[in-house]
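Presented below is the structure to which this report refers.
The values are calculated or read from the model by the stated rules, or taken from the named source; none is laboratory data. No experiment lies behind these values; they were computed from the predicted model shown. We place every Cβ from the backbone using ideal geometry, glycine too, and count neighbours over all the protein chains shown.
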Amino acid sequence: MSCAAIIVAAGRSQRMGFDKMLSMLNGQPVLQWSLDAFLEAEEIDTIVVVTSAERFAKLAPGTGKPVLRTEGDEERYLSVIRGMEALPSKHDYVAVHDGARPLVLSSQIDDVVRTARVRGAAALARRMTETLKRTDDQRVTSESLSRDNLWIMETPQAFSFEILSEAYTLIQEREIQVTDEVSAVETVGNATKLVENQRPNPKVTVPGDIPLAEAILRSLEP
């Protein structure tokens, strides 16, 4: 059963003040790290990078797998839809990844896709370990929240192509706001099996995230 990857890298990086996808991380662009992981993943046969032509031209597409490009959109979910539409042939499964998560491993991608093949929907996530508080509008604490069964969602997230396509069709029709694909498939009644991640997989969002990612890479060196 075939699985395509959609790497979403269409944002404008307004919080960074410069293009975070092309920011150098240990000698290569942030986006290249994500692309390389999917090129190495055994379960992925086609990759679509949702990004600008300028960004794409600065990547090394590698060999052995088709690497395609398509333009993104203002909304993240619309960028994912464009990625799905750009596939030259129908795939059984699709894995979606934030290009700004450069530390993902090919083995994690494979684990998520294999789980999706069994469950229909799977996503990388890590357990909530911080103390959670609810506040009022003035940021004054009102109660503590239990961390039991709470997870922080990450990517990749993989799904049956039909499940994700059905979810995004419904979301467009009803103008529902979602922040990730797991939220999207929940709208059509599909639960997602989580694959626990015990390794740092941060999203590069602000300038200080680059040296943090570099420090993590150094700490993981043998």
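General observations
- The criterion of being crowded, with 21+ Cβ neighbours inside 10 Å and within 28 Å of Leu212 (Cβ to Cβ) holds for Val96.
- Condition met for Glu166 (touching a residue at least 12 places away in the same chain (Cβ under 8 Å), farther than 25 Å from Val49 by Cα and not in a strand (DSSP E or B)): no
- Residue, farthest from Leu87 (Cα to Cα), within the range 161-185, restricted to residues that are surrounded by 15 or more Cβ atoms within 10 Å (Cβ to Cβ) and of a type in the set (D, E, K, R): Asp180
- Test: residue in the range 87-96 that is of a type in the set (Ser, Thr, Tyr) and closer than 22 Å to Lys203 by Cβ: no
- Qualifying residue in the range 55-76 (condition: of a type in the set (D, E, K, R), in a strand (DSSP E or B) and free of Cβ contacts under 8 Å to residues at least 60 places away in the same chain): yes
- Selected residue [touching a Ser or Thr at 6+ places or on another chain (Cβ under 8 Å), hydrophobic (A, V, I, L, M, F, W, C) and farther than 19 Å from Gly120 by Cα] from Ile210, Ile216, Ile152: Ile210
- Residue in the range 160-176 that is over 12 Å from Ile6 (Cα atoms) and within 13 Å of the chain's Cα centre (by Cα) present: no
- Top-ranked residue of the range 186-222 - restricted to ones that are of a type in the set (D, E, K, R) and part of a helix (DSSP H, G or I), ranked as surrounded by the most Cβ atoms within 10 Å (Cβ to Cβ): Asp209
- Pick from the range 44-70, criterion more than 17 Å from the chain's Cα centre (by Cα) and of a type in the set (Lys, Arg), ranking: surrounded by the fewest Cβ atoms within 10 Å (Cβ to Cβ): Lys58
- Just one of the listed residues (Ala158, Ala122) is touching a residue at least 60 places away in the same chain (Cβ under 8 Å), touching a Phe, Trp or Tyr at 6+ places or on another chain (Cβ under 7 Å) and surrounded by 10 or more Cβ atoms within 10 Å (Cβ to Cβ), namely Ala158.
- Criterion violated by Ile163 - all others in (1) closer than 21 Å to Arg127 by Cα; (2) out of contact with any Ser or Thr (no Cβ under 6 Å at 6 or more places or on another chain) satisfied: (1)
- Flag for Gly27 being at pLDDT 90 or above and under 14 Å from the mean Cα position of the chain (by Cα): no
- The residue list Ser107, Ser79, Ser142 contains one member that is surrounded by fewer than 19 Cβ atoms within 10 Å (Cβ to Cβ) and part of a helix (DSSP H, G or I), which is Ser107.
- Residue in the range 15-26 that is buried (at least 24 other Cβ atoms within 10 Å of the Cβ) and touching a residue at least 12 places away in the same chain (Cβ under 8 Å) present: yes
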